[in-house]
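Accompanying notes for the structure given below.
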Amino acid sequence: MYADLLDIASLHGLTGTEHCRSRPIHWVIDLSPDGKPLSFSPTVAVDGKRGKRFRCPKNYHMQFKDGKIQSVCTNQNNWLPDFLVGPVDEVFPGGVDGQTPLRFGKRRETWKLIARAGQDLPANGIIQGIKRFLFSRPSFQEVFSLQNAGEDPAAILNILKEGKENIAFRVAGRLSSSDPELLDWWRLRTLRQREVVSVNLPVGGDLLGNVRGPLAEFFPSVLDGTPMISYNKAPYRSFGMGSQTTPMLLENAEKCAAALNDLCDDPDNSFFLGGMQALCWASNKERCIAPGFGGLIEVSDPLAVKDFILSPWGGISRDLPNTKFHSLILKKTKGRFAVRHWHETTLAKAEESLRRWFEVLATVPIISDHQIIPCKLSELARCTIQKTEKSNQKTEKSKPLPRTYGELLEAALFSRPLPPRLFSTALERQALELAKGCDKKAKNEFEERLRARTALIKLYFELNKKGEQVTMENHTCQEDAAYLCGRLLALLDKVHVEAHAITIEKKGKKIKVGGTNTSPANRAYAAASTTPALIFPQLCKLARYHLNKVGGGWAFRLEHGYEDKETRETTFEGLKQVVARLQQAAGGNFPRTLSLEQQGRFAIGFYFERCRRWPEPENTKNDMGGSEEKEESKSSNEE
């Protein structure tokens, strides 16, 4: 992995000694040239949230102090500030609440740095305005009173007090962290700091090259403040390295960290999965490419997915057949990060795998409005765990396992088979959640989880069994007994719901409301999907009573479907046609038991039958929204 990161650094011209990094700025303090505060305003990112990212001055990750090398900003004794950007408590003498006095610590180091810059750049109006403002010992409460963010002030103050948001200065309309003269001053200071550190580092070599040079004693930060490599207790000592059991050249360490940060900051390469950061990129000996299609698996944008599927090569030239494609998932913990997934293939294979992934997901519509919106990868992961209440969302038990995201990512980008545990877990959650039923207020969320599990089951058959795709177009042509059992349960469920619903008039339109939570799908899904012969005879018997309760032409349609008036051929199947298909597929009897894979086919048949949109009848003679002419209904009853 480090060799690939070095290639990215080389192709992008990154040295790792850059004096700036991408960092969010949440609030800007506007100052006049003489240092008087004018406003305190938030910045807004592309996604509408507070905290737009800027290229900001960063501190060098090591310093030589008291005769030894120290890592910067790991404790109070070796702490050094970044320049011109930071939390409120690192800038204002009394902190957010005005109760904390200025003492030897973070604020003192920040003020010393600004004073030094003001001394070296006496003609720079921006640093002089900031210096006048700070040395007037301002109260943050006075500055905060100038804000008008439209939010609860107490909530904003709590966030600022926790140090989760950064502030910057703008003097006479010019952002301080973007001033060329200040940036050049900071660059020269950083280079001097690095030179002092380099001459005091041990010299050696590493596994990434044949050259010798200074070895990194501490490592640059990635993922917004996490050391790229860190050591706790050395498992052994060797070659005089002390605790550094894995030596790495300083130059290579800085290039790797710069490349990783560059990937994380590029939205075409980076996206988030369940709190973990996923990276996708392609590279060869000539250039590094941001494919742009990896993040589509976590974006509910059907138009973007459609453009990708229909485009001849996803916007990437076909003259790169041997270009390598990489994917990486990083999980950040307290002070550390772990590599949860690392895989590589060719760019052509990755694109073909993702097309196949979306083609499967594009066959699973939404029940309520029949739209085709591909499920996010995170939705597929969450549908395999128990849905928890909002008060319990922060517990680890309510989150999918990190390996689940890696397994799904490998399936999407590398066509890896899905592990059987995801398949069996999806089936188990299906039975449990249908038995519990859904709250009326959470119906949409219930249906979305049902759709995600169906999509996951379909992906299993496509990737593991390489079977025929089931779509709404060929749904009624399936002759598998388990699949037809799923269709039959969905139809019996519809009949039950129609029998217990009532029709009311709202805004001039008649709509059906009510129903029951003890329908066949809720009450008997687990038994129907495992032992159909034990439950379906009873459900079919109850269906007769429910059809009589519905009555009229609508009951006739539910039972007999729709026929063409001229050819008398079935155009839309009802209970009669599905039972006839099942009788032929199962040899005249309901299957006694269904295997795990058959339960998956049952689930697909059940979901697609629920998605079927029944046609509107020409003549409506009852409140249920459908009927046949009296003569036709009477004739069929006599037969």
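At a glance:
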quantity	calculated
For Arg107: the one exception among (1) part of a helix (DSSP H, G or I); (2) modelled with pLDDT of 90 or more; (3) touching a Phe, Trp or Tyr at 6+ places or on another chain (Cβ under 9 Å)	(2)
Scan of region 528-579 for residues that are outside any helix (DSSP H, G or I) and within 12 Å of Lys494 (Cβ to Cβ), ordered by number	Gly574
Search result, residues across region 7-26 that are crowded, with 20+ Cβ neighbours inside 10 Å and either among the β-branched types (Val, Ile, Thr) or under 12 Å from Asp265 (Cβ atoms) (or both)	Ile8, Leu14, Arg21, Arg23, Ile25
Close pairs (7 angstrom Cβ cut-off, 6 or more residues apart or separate chains): closer than 15 Å to Gly574 by Cβ and assigned by TED's automatic domain parsing to the domain that holds Leu489 in region 538-550, surrounded by 21 or more Cβ atoms within 10 Å (Cβ to Cβ) and not hydrophobic (A, V, I, L, M, F, W, C) anywhere	His546/His496
Of residues in region 560-583 being in contact (Cβ under 8 Å) with a residue 24 or more places away in the chain and closer than 19 Å to Tyr483 by Cα, the one surrounded by the fewest Cβ atoms within 10 Å (Cβ to Cβ)	Phe572
The listed residue being part of a helix (DSSP H, G or I), within 45 Å of the chain's Cα centre (by Cα) and in contact (Cβ under 8 Å) with a residue 24 or more places away in the chain, out of Arg592, Arg613, Arg601	Arg601
Residues (touching a helix residue (DSSP H, G or I) at 6+ places or on another chain (Cβ under 7 Å) and among the aliphatic types (A, V, I, L, M)) located in region 463-497	Leu463, Val470, Met472, Ala481, Ala482, Leu484, Leu488, Leu489, Ala490, Leu491, Leu492, Val495
Qualifying residue in region 142-155 (condition: part of a helix (DSSP H, G or I), under 27 Å from Arg53 (Cβ atoms), in the same structural domain as Arg187 (by TED's automatic domain parsing) and touching a residue at least 12 places away in the same chain (Cβ under 8 Å))	yes
Breaking point among (1) out of contact with any Cys (no Cβ under 7 Å at 6 or more places or on another chain); (2) surrounded by fewer than 22 Cβ atoms within 10 Å (Cβ to Cβ); (3) within 18 Å of Ala603 (Cβ to Cβ), for Gln430	(2)
Selected residue (only one of Val364, Val299, Val305 is over 19 Å from the mean Cα position of the chain (by Cα), at pLDDT 70 or above and within 30 Å of His475 (Cβ to Cβ))	Val364
Unique residue being β-branched (Val, Ile, Thr) and loosely packed, with under 15 Cβ neighbours inside 10 Å when the list is Ile367, Ile385, Ile372	Ile372
Residue in region 239-256 that is at pLDDT 85 or above and farther than 19 Å from Asp4 by Cβ present	yes
Unique match (being at pLDDT below 90, at positive phi and touching an Asp or Glu at 6+ places or on another chain (Cβ under 6 Å)) among Gly587, Gly552, Gly561	Gly561
Contacts under 7 angstrom Cβ, first residue in region 250-264 being under 9 Å from Leu14 (Cβ atoms) and assigned by TED's automatic domain parsing to the domain that holds Phe54, partner hydroxyl-bearing (Ser, Thr, Tyr) and buried (at least 23 other Cβ atoms within 10 Å of the Cβ), 6 or more apart	none
Residues (modelled with pLDDT under 90 and surrounded by fewer than 20 Cβ atoms within 10 Å (Cβ to Cβ)) located in region 59-68	Lys65, Asp66, Gly67, Lys68
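Results for (1) in contact with a helix residue (DSSP H, G or I) (Cβ under 9 Å, 6 or more places away or on another chain); (2) buried (at least 16 other Cβ atoms within 10 Å of the Cβ); (3) over 20 Å from Gln469 (Cα atoms); (4) among the small types (Gly, Ala, Ser), shown as yes or no for each residue.
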site	(1), (2), (3), (4)
Phe423	yes, yes, no, no
Ala426	yes, yes, no, yes
Ala442	no, no, yes, yes
Phe446	yes, yes, yes, no
Ala455	yes, yes, no, yes
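The values are calculated or read from the model by the stated rules, or taken from the named source; none is laboratory data. Bear in mind the structure is a predicted one, so any value in this text is a computation, not a measurement. Note that each Cβ is placed from the backbone with ideal geometry, even for glycine, and that neighbours are counted across all protein chains shown.
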